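J.: Below are the structure tokens for one structure; questions will follow.
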Amino acid sequence: EERTRDAEQKTHELEKVQVELRQSAEQLRQSSNYKSEFLANMSHELRTPLNSILILSEMLAENHENHLSDDELEYAKVIHDSGEDLLNLINDILDLSKVEAGKMDLWFREMDVYEIPQHIQNLFMPIANQKGLELSVDVANDLAEIFHTDVKRFHQVLNNLLSNALKFTEEGSVTVKVDRARITPAMRQLSDTWITVSVTDTGIGIPKNKQNIVFESFQQADGATVRKYGGTGLGLSICREVTKLLGGWITLSSTEGQGSTFTVYLPSLPDGNAAQTNIAVQE
Ligand code: ADP
């Protein structure tokens, strides 16, 4: 009889622990929701005044009546550039909190991979020219299959990788390659065909022991790069999280002092169900 009572007591205690665990999980979920909501609201509240700063400093910098001295003109430009940096940071934080909260809406549609070179030329040729770097984009010419993705988010990944490649390269080249991926049986279960987009640079490279941490939020390979190159350490976390949402993943191979290659693997046709549950009207 005593043993039965003992067993009952134990069961009772176990149940109590279970209830407590469930309560803590619920509390955690709630505070994580509060955090995401807070970040979303804050970002919105910050963007409104920031937009005024951006628009008005831009107008000042245009200096229509030639009222401004050279110094004042320079100040107006610095205000505008700093405002833009701040806006990018806010947008990155908001994007990451959306991913964390599972609230990043995706809008999959057909995309023409042969548009990628034009997109890159338009956005990045000026920076490459300014730094005297060669920038080339090569799309394999037999990519006939239809590629479905969220084009805005795909561009976000590509833009982050390219700005890093150009930022961390002082001489040489940045090369983008779009090709069909060699697929494993596991990959075939998810999609019949896959594409790879790789961004290769001849820049400073990333030491082996830092190659994992650069994908974590707010992490940079070297504390000193912050001062030398600026940046927040959010770009690659966004790349990794967004690539996951697009059904793929991202890899890095790099040799310190020689350069880096980031490769994004994406299914040509992301899993129907996953894609559909995420489909939403584009913002
Ligand atoms: P940010 O560029 O804003 O610092 P990222 O998350 O994009 O943040 O990158 C994190 C870190 O990874 C960078 O600070 C840098 O140390 C390293 N890194 C990223 N891309 C490259 C690259 N192409 N070459 C060398 N280092 C890189």
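Just so it is clear, none of the values below were taken in a lab; they were calculated from the coordinates. Source: prediction; values computed, not measured. Reconstructed Cβ throughout: ideal geometry from the backbone, glycine too, with neighbour counts over all protein chains shown.
J.: Nearest-5 percent of antiparallel DSSP beta bridges in the stretch 53-187?
T.: 35
J.: Also, I was wondering about something else. Nothing charged except the Cβ atoms of Lys and Arg (+1) and of Asp and Glu (-1): what's the magnitude of the dipole of the stretch 1-112 about its Cα centre? Round to the nearest 20 debye.
T.: 840
J.: Per the helix-only calculation at 222 nm, which mean residue ellipticity applies to the chain, given -39500 (n - 2.57) for every DSSP H run of n ≥ 4 and division by its residues, nearest 500 deg cm²/dmol?
T.: -19000 deg cm²/dmol
J.: Here is a further query. How far is helix 151-167 tilted off the main Cα axis of the chain, in degrees rounded to 10, range 0 to 90?
T.: Taking the Cα atoms of the chain, the angle to 151-167 is about 60 degrees.
J.: If we sort 30-42, 71-83, 203-215 on the protection proxy, mean other Cβ atoms within 10 Å, highest first, what's the order?
T.: Top of the packing list down: 203-215, 71-83, 30-42.
J.: Among K167/K208; K10/K35; K77/K103; K35/K208, which pairs are too far apart, with a Cα-Cα distance over 27 Å?
T.: Distance filter (> 27 Å) returns K10/K35; K77/K103; K35/K208.
J.: Related question: Calculated FRET efficiency, F38 and N88, Cβ-Cβ r, R0 25 Å, to nearest 0.05?
T.: The formula returns an efficiency of 0.80 here.
J.: Oh, and also: How far is helix 2-62 tilted, in degrees, relative to the longest principal axis of the Cα atoms in the chain, given as a value from 0 to 90 rounded to the nearest 10?
T.: Value to nearest ten degrees: 20.
J.: Apply the a/c threshold of 1.5 to the C-alpha gyration tensor of the stretch 164-214 and tell me whether it is rounded, prolate or oblate.
T.: Taking the square roots of the gyration eigenvalues as a ≥ b ≥ c, the stretch 164-214 is oblate.
J.: Using a cut-off of 12 Å between alpha-carbon atoms, which aspartates and glutamates can reach K131, once sequence neighbours fewer than 8 places away in the same chain are excluded?
T.: By straight Cα distance, K131 reaches E170, E171.
J.: Mind pulling the angle between the C-alpha long axis of helix 70-100 and the longest principal axis of the chain? Nearest 10 degrees, somewhere in 0 to 90.
T.: 30
J.: If each of K208 and A140 carries a label point 7 Å out from its Cα toward its Cβ, how far apart are those two points in nm?
T.: In this crude label model, K208 to A140 measures out at 3.0 nm.
J.: On to the next question. Across bins of 10 angstrom width beginning at 0, how are the C-alpha pair distances of the stretch 1-138 distributed, in whole percent?
T.: In order of increasing distance, the bins hold 9, 17, 22, 21, 12, 7, 6, 4, 2, 0 percent.
J.: Let me ask something additional. When the dipole is taken about the Cα centre of the chain, and only Lys, Arg (+1) and Asp, Glu (-1) are charged at their Cβ, what size is it in debye, to the nearest 20?
T.: 900
J.: Report the one residue of L166, I120, V151 whose Cα lies farthest in the direction of the positive end of the charge dipole of the stretch 57-182 (charges on C-beta: Lys and Arg +1, Asp and Glu -1; origin at the Cα centre).
T.: The one lying farthest along the dipole's positive direction is V151.
J.: So how do 45-54, 119-128 stack up, highest first, on mean other-Cβ count within 10 Å?
T.: 119-128, 45-54
J.: Separate question: Run down the aspartates and glutamates and flag those whose C-alpha is under 20 Å from the C-alpha of K177, throwing out any fewer than 8 positions away in its chain.
T.: The reachable aspartates and glutamates, counting only those whose Cα sits under 20 Å from K177, are E110, D112, E115, E134, D138, D142, E145, D150, D201.
J.: Per residue, how big is the convex hull around the C-alpha atoms of the chain? Give it to me in cubic angstrom, could you?
T.: 212
J.: Determine, from the Cβ-Cβ distance of R47 and T232 and an R0 of 22 Å, the FRET efficiency 1/(1 + (r/R0)^6), rounded to the nearest 0.05.
T.: E(calc), rounded to 0.05, equals 0.85.
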